[in-house]
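The values are calculated or read from the model by the stated rules, or taken from the named source; none is laboratory data. Quick caveat: nothing in here was measured; it's all calculated off a predicted structure. Heads up, the Cβs are rebuilt from the backbone with ideal geometry, glycines too, and the neighbour counts pull from every protein chain shown. These accessible areas exclude ligands, DNA and RNA; they are computed on the full protein's heavy atoms, side chains included. Shrake-Rupley method; radii C 1.70, N 1.55, O 1.52, S 1.80 Å.
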Amino acid sequence: MSTNEDKLKTLIGHAKEYGYVFPSSEIYDGLSATYDYGPYGVELKNNIRRYWWEAMTKLNGNIVGLDAAIFMHPTTWKASGHVDAFNDPLIDNKDSKKRYRADVLLEEHIAKYADKIEKEVEKGRKKFGEAFDEAQFRATNPNVKRAQERIDAVEGRMKAALEANDLVALRQLILDEEIKCPISGTANWTEVRQFNLMFATELGSVSGESSTIYLRPETAQGIFVNFLNVQKSARMKIPFGIAQTGKAFRNEIVARQFIFRMREFEQMEMQFFVKPGTEMEWYNTWKEKRIAWHKALGLPAENYRFHDHIKLAHYANAACDIEFKFPMGFKELEGIHSRTDFDLGNHEKYSGKKLRYFDTETNESYVPYVVETSIGLDRMFLAVLSAAFQVEQLPNGETRDVLRIPAPLAPVKVAVLPLVKKDGLPEKARAIIDTLKLDHNCQYDDKDSIGKRYRRQDAIGTPYCITVDHETLTTDTVTIRERDSMAQERVAISELPRIVGEKVDLRGLLRKL
Ligand code: GAP
């Protein structure tokens, strides 16, 4: 695999062939930026959601769940700021007719300078070996310093332009940096325009009685408007959180890169309500808790980094992303935002209803501040799938496609394979499945050679293959093969629930948190 684009293409091909992700309505040539999850995809998605949900609601006694409707009263989106401010600055290239987000063009341009720095650092590391002092190198190397100065200058101008909503300055920065359209190779750009990302539809069927409502662009607002319902009914005391997973919709103009940026996607959001003045403490706590959740999965630690927002969203006083090294480079996977009392305060204003918390210890009533953690389930799916997918060279010269999905998230935990389709081996294999299937997703497969069956299970990421042979009939033992090492071991059937359970149980992950 050579380029990042090739890597992503290979992954998309694998995801389709092995039942993870299909283009939506493919028989009609698909619908851009919408995807369907196949038989293994839906299992992986459910497992990721469950890992998130249980980490939030089971491990934190002060976090409870909610499932709010997708449609909400239209004033919700006025109060939240989405009607007026949920825009992307767009720019078109007049030659290719392609449309881009102006801020994304600039961020990708900045990323090129950052890449240059990393390459210089790598060169330095090789040159100086053990004596290499990375911090000193970064501070003194002229090439690194030059690139960092460029980054700071571009980021500074971009931040100022975005904050002032100065679209002319944003365009000028693109021109000054000589950023070209990747398709046409020209810098023949239109003006920058703002474009609202919400999907609107009509409520009501009687003419004259309809009104415009929106498909929710984030799940968070369902939590805010239910703040008091939840606090009172579940008798929650501040600090406490409300967790929710569900679909969100955005009319993304630059919808590319597979399931990274979709028009219909799923979010897993948690709003943590705190006493004003304590929000930075909780912001830092949630940064730590969320990165620990990611790292417990055991994907390479160097795939994660924090990135502070250059431009704060209209509701935030601090915000950062956890970025992940996707096949197309480091990109946002999760956002952690300190949202102040912006949302609850505005809902109070627009609804005329009090959304306050009465603190019985201090006898005061206040609008709580909110620290939010927000992760896209589809993006998390892509992170897991892309880190797990490997085309591995085997000692015998062959290759195997393997998905090293963290075992508790794997769609199928165990495949049970009778060596031949006769002599009572299929029946024995099915009996073994019966002992495991209440705890784990199991698959029976008796088609093709055993080698081919192992390859199929590697390709869908099954952590364990159990082979039933003639010896099984007399000794009640089987061969168990582990996906990653391909090591095989003969074990008693009675040992299987323990051996399999130890590695694939979600509780193993939760215990690390
Ligand atoms: N409530 C805050 C909020 O929605 P956001 O940064 O706009 O913040 C949160 O979105 C997360 O939702 C992102 O980090 C990303 O994982 C996911 N997300 C946002 N837009 C997406 C899209 N078009 N397709 C897939 N996932 C998306």
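If a residue counts only when it is surrounded by 18 or more Cβ atoms within 10 Å (Cβ to Cβ) and within 13 Å of the ligand (Cβ to nearest atom), which strands (runs of 3 or more DSSP E) contained entirely in the range 295-353 have at least 3 such residues?
Details: elements: 304-308, 318-326, 329-340.
By residue number, 318-326, 329-340.
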Of the residues in the range 198-207 that are open to solvent by less than 90 Å² (accessible area, probe 1.4 Å) and among the aliphatic types (A, V, I, L, M), the one that is nearest to the chain's Cα centre (by Cα) is M198
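If you take just the strands (runs of 3 or more DSSP E) that sit entirely in the range 373-445, which of them hold at least 3 residues that are crowded, with 24+ Cβ neighbours inside 10 Å and touching a residue at least 12 places away in the same chain (Cβ under 8 Å)?
On the way: elements: 389-393, 399-403, 414-418, 442-444.
By residue number, 414-418.
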So in the range 237-285, with the set limited to residues that are closer than 27 Å to L11 by Cα and of a type in the set (A, V, I, L, M), which one is most open to solvent (accessible area, probe 1.4 Å)? I253
Is it fair to say K78 is over 24 Å from R216 (Cβ atoms) and not acidic (D, E)? no
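Tell me which residues, restricted to the range 262-288, are of a type in the set (K, R) and within 14 Å of G335 (Cβ to Cβ). Lay out the reasoning, then the answer.
Just the residues of the range 262-288 that are of a type in the set (K, R), to begin with: 263, 275, 287.
Passing the criteria: only K287.
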Residues located in the range 472-494, provided they are assigned to a loop (DSSP other than H, G, I, E, B), in contact with a Ser or Thr (Cβ under 9 Å, 6 or more places away or on another chain) and either open to solvent by 30 Å² or more (accessible area, probe 1.4 Å) or of a type in the set (D, E) (or both): D476
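Go through the range 213-266 and give me each residue that's β-branched (V, I, T) and more than 13 Å from the ligand (Cβ to nearest atom). Explain how you work it out, then say what you get.
If we filter the range 213-266 for residues that are β-branched (V, I, T), which is where we start, we get 213, 219, 223, 225, 230, 238, 242, 245, 253-254, 259.
Result: I213, V225, V230, I238.
Hey, could you check the range 354-372 for residues that are among the hydroxyl-bearing types (S, T, Y) and open to solvent by less than 60 Å² (accessible area, probe 1.4 Å) and say which is nearest to the ligand (Cβ to nearest atom)? Walk me through it before giving the result.
To start, the set of residues in the range 354-372 that are among the hydroxyl-bearing types (S, T, Y) comprises 357, 360, 362, 365-366, 369.
With the extra rule that they be open to solvent by less than 60 Å² (accessible area, probe 1.4 Å), the set shrinks to 357, 366, 369.
On the way: Y357: 21, Y366: 22, Y369: 15 Å.
Here the answer is Y369.
Being out of contact with any helix residue (DSSP H, G or I) (no Cβ under 6 Å at 6 or more places or on another chain), among the aliphatic types (A, V, I, L, M) and either touching a residue at least 60 places away in the same chain (Cβ under 8 Å) or open to solvent by 40 Å² or more (accessible area, probe 1.4 Å) (or both) is the requirement here; does L215 meet it? So that I can check it myself, show each step before the final result.
Working: out of contact with any helix residue (DSSP H, G or I) (no Cβ under 6 Å at 6 or more places or on another chain): yes; among the aliphatic types (A, V, I, L, M): yes; either touching a residue at least 60 places away in the same chain (Cβ under 8 Å) or open to solvent by 40 Å² or more (accessible area, probe 1.4 Å) (or both): yes.
So L215 passes the test.
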Does the range 272-282 contain at least one residue that is within 11 Å of the ligand (Cβ to nearest atom) and of a type outside the set (S, T, Y)? no
Residue ranges of strands (runs of 3 or more DSSP E) in the range 1-77 with at least 3 members open to solvent by less than 30 Å² (accessible area, probe 1.4 Å), more than 16 Å from the ligand (Cβ to nearest atom) and not assigned by TED's automatic domain parsing to the domain that holds K349: none
Does F128 satisfy being under 30 Å from S351 (Cα atoms) and among the hydrophobic types (A, V, I, L, M, F, W, C)? no
The range 359-389, residues that are of a type outside the set (D, E) and modelled with pLDDT under 95: T360, T362, N363
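Quick one: which of K97, K7 is among the basic types (K, R), without any contact (Cβ under 8 Å) to a residue 60 or more places away in the chain and either in contact with a strand residue (DSSP E or B) (Cβ under 8 Å, 6 or more places away or on another chain) or more than 30 Å from R235 (Cα to Cα) (or both)? Full working, then the answer.
Numbers: K7 fails: without any contact (Cβ under 8 Å) to a residue 60 or more places away in the chain.
It is K97.
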